[in-house]
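The structure appears right after this line, and notes come after that.
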Amino acid sequence: MSTRTIYPVLNAAQWYREYMKEIAFSEQPAESWDKRAHSMQKKGNPRSKYFDFFINAIDLNGISTVLDVGSGTGALALQLAPHVDHVYCLDYSRAMLDYVELNAREAKLANISTIHLSKEDDWQGLVPEVDVLVSSRSGLDIDIERLFEKFHRHTRQHIYFSYLAGGRFDQPEISSLLNKERKAFPDYIHIINILYEMGIDPALSFVHAPGRFQHCTDEAHFIELVTAYYGDSTADDIDALRHFYQKESANFVKDNYAMKWALIDWVVPEKK
């Protein structure tokens, strides 16, 4: 694979690694996702603008096998399995994979199997080489260049990878209101730069997904969601949040309160 340089000289992959260390990024422990698995399963796999956008972007012509990295409870796998020979779901949460297996049985899909590993684990001999790899909203990593190199070793044709645009899971206005500002994660453009340096010219498109407040039913629900994300709030914080809700709640359905995702896809480089 050829490599290229961005001028003025910038090693985007090295910058990404150093920045993730600076913000003390670490993967959430598998146990935290185990706890979330039941609520995700309870919600089911409703179709959404984001979900349909991701599925429709995947070209399955001539594709036999798919690896879903960070599969969760199997929303993508359940849609892809009827169109290919086999889908492998990889996740480091055992509870998530238990639901994948349950959902596959209920859908009478015998061509879905699970792999209990993380992105960071050694995949050698444990993860098969597939035609297509998909990674939906599971791309944050301490070393994205190394992750892509691993993806390439296990994929023959194409990769579809979604990454947060804007670098924020929080709502900056609320973080500022509560004096709990958080540093942003690297933005999608850093992913594009890293791929460029790796000699890859990816395709890029964008889609919005509902934000955490879009389905707020009332003021109490809003405060509950904020507290769940930021931790306990003071009486002054609660008062400020009430005023914020009264002022802004009508805008929660608009794109500036949504989550914007970049869908980045590329042809896998020929292996040497």
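The values are calculated or read from the model by the stated rules, or taken from the named source; none is laboratory data. Predicted model, so just to flag it, every value in this text is computed and none were measured. Cβ atoms come from the backbone with ideal geometry, glycine included; neighbour counts cover every protein chain shown. Heads up: the accessible areas ignore ligands, DNA and RNA and are worked out on the full protein's heavy atoms, side chains in. Shrake-Rupley method; radii C 1.70, N 1.55, O 1.52, S 1.80 Å.
Structural remarks
- Top-ranked residue of segment 216-228 - restricted to ones that are open to solvent by 60 Å² or more (accessible area, probe 1.4 Å) and within 16 Å of Gln171 (Cα to Cα), ranked as modelled with the lowest pLDDT: Ala228
- So Ala228, is it assigned to a loop (DSSP other than H, G, I, E, B) and out of contact with any helix residue (DSSP H, G or I) (no Cβ under 7 Å at 6 or more places or on another chain): no
- Scanning segment 29-47 for residues that are open to solvent by 70 Å² or more (accessible area, probe 1.4 Å) and either at pLDDT 95 or above or not in a loop (DSSP other than H, G, I, E, B) (or both) yields a total of 6.
- The residues of segment 185-215 that are modelled with pLDDT under 90 and either part of a loop (DSSP other than H, G, I, E, B) or acidic (Asp, Glu) (or both), listed by number, are Pro210, Gly211, Arg212, Phe213, Gln214, His215.
- Looking only at residues of segment 231-242 that are surrounded by 11 or more Cβ atoms within 10 Å (Cβ to Cβ) and not in a loop (DSSP other than H, G, I, E, B), we find that the one that is nearest to the chain's Cα centre (by Cα) is Leu241.
- Figure legend. Inter-residue proximity from segment 184-213: first residues closer than 15 Å to Thr3 by Cβ and free of Cβ contacts under 8 Å to residues at least 12 places away in the same chain, second residues of a type in the set (A, V, I, L, M) and open to solvent by less than 50 Å² (accessible area, probe 1.4 Å), beta-carbon distance below 8 Å, spacing 6+ or different chains. No pairs are indicated.
- The number of residues in segment 256-272 being among the acidic types (Asp, Glu) and either surrounded by fewer than 17 Cβ atoms within 10 Å (Cβ to Cβ) or out of contact with any strand residue (DSSP E or B) (no Cβ under 8 Å at 6 or more places or on another chain) (or both) comes to 1.
- Verdict on Arg137 being in a loop (DSSP other than H, G, I, E, B), without any contact (Cβ under 8 Å) to a residue 60 or more places away in the chain, over 29 Å from Lys272 (Cβ atoms) and in contact with a helix residue (DSSP H, G or I) (Cβ under 9 Å, 6 or more places away or on another chain): no
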